[in-house]
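Worksheet for the structure shown next.
Coordinate-derived values only; no laboratory data. Computed from a predicted model, the values in this text were never measured in an experiment. Cβ coordinates were reconstructed from backbone atoms using ideal geometry, including for glycine residues, and neighbour counts include every protein chain displayed.
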Amino acid sequence: MRRREFIAGLGGAAVWPLAARAQPAATPVIGYLSFGTPREGVGGVSAFLEGLAAAGYVEGRDVAIEFRWANNQGWRLPQLAAELAQSQVAAIVAVDGGPSALAAKAATSTIPILFLLGADPIKFGLAAGGNMTGLIAVSSELAGKRLDLLREIAPAATTVAYMIDPRAQDSEEPTKAMLAAARALGRQAVILEARSGIEIDAAFATLVERGAGALVVGPHALFERNGKRIIDLAARHKISAIYPGRGFTVAGGLMSYTADGIAAVRQIGSLYAAQILRGVKPADLPVQQPAKFNLVINLSTAKALGLTIPETLLATADELIT
């Protein structure tokens with residue numbers, strides 16, 4: 001059975017697969033800890049294994065993987081991380097944001113932890129213990145770029161809204177960066193806070209009331225879970241919006257600019273996990289930025305909003321959706 005079919009068939013399974021049990025004792029084992037589900041993680045898992053294989057470590061031959069899935073139940077992460085730590089895996093991979101990395105950090109101070117984050121890891125103590133490293137796409141740095149892209153596509157929007165989930169640990173710095181970028185570009189910024197689906201509706205009401213013509217959506221899990229709701233509200237109110245992930249744009253959002261997540265997870269496999277298996281210490285592997293960022297534009301949505309995409313953006317976009 002092919003891997004994708006096998007993963008999709010697992011449904012709510014929390015552990016997949018227990019490959020280490022079928023491997024020789026000398027085979028190194030990597031723990032893969034995720035906030036999400038096996039079905040949601042198919043792309044990331046495939047990319048990670050591709051990265052390992054490119055570096056000479058093929059799953060089932062040179063390395064085994066222990067998967068732990070929280071199935072979007074964050075309270076389970078500490079227990080799952082503790083299981084991996086008790087198994088004395090060679091490394092713990094936590095590539096779906098801060099909660100997984102924080103749970104891994106709490107579970108061990110010695111096992112290498114490899115993360116993929118959208119926030120400054122030092123601020124949250126994720127790079128202070130000596131056993132943590134990985135890739136970061138710092139949201140505060142992306143905020144200005146996203147606002148500049150919006151300025152190009154919707155130059156008439158002089159008031160721009162930035163929607164955040166204030167509960168998120170990585171919301172403060174990007175908000176400051178957005179306010180600074182707005183001032184530099186001669187725009188007025190309106191900060192919208194939302195902690196639930198209902199509050200997202202209220203945020204759009206405020207956006208309309210304040211006369212904002214454009215919106216930057218913050219990179220928070222709440223907004224990913226309510227992606228269709230946000231996209232529909234932006235369409236209803238004729239708001240030009242830029243999103244923190246390609247999935248929003250595929251679903252009908254105007255455009256997105258973000259690190260190529262699949263390429264970044266592949267980097268974690270090839271540049272970090274493989275080095276750890278070779279005996280390199282995490283402290284000797286510096287935290288880096290992902291190698292690739294993608295601009296995706298939905299031309300059908302732009303047409304519905306009455307926007308003309310500048311030729312410069314059309315030429316630089318990594319993907320145009322029709």
Can you give the alpha-carbon Rg of segment 185-279 over 2.2 N^0.38 Å, where N counts its residues?
1.37
Students often forget the sequence filter, so: which lysines lie under 24 Å Cα-Cα from residue 303 once same-chain residues fewer than 8 apart are removed?
145, 228, 238
Only sites in a loop by DSSP and with at most 12 other Cβ atoms within 10 Å count here; which trypsin sites (Lys or Arg not before Pro) in segment 44-99 make the cut?
61
Cα-centred dipole magnitude for segment 148-229, charges only on beta-carbon of K, R (+1) and D, E (-1), debye, nearest 20
140
Asserting the computed 222 nm helical MRE of the chain (DSSP H runs at least 4 long, -39500 (n - 2.57) per run, divided by residue count, to nearest 500) equals -10500 deg cm²/dmol
By the C-alpha gyration tensor axes a ≥ b ≥ c (rounded if a/c is under 1.5, else prolate when a/b exceeds b/c, else oblate), the shape of the chain is prolate
Once the in-chain neighbours fewer than 8 apart are removed, the lysines whose Cα is under 21 Å from residue 105 read 123, 281
What is the antiparallel percent of DSSP beta bridges lying wholly in the chain, to the nearest 5?
15
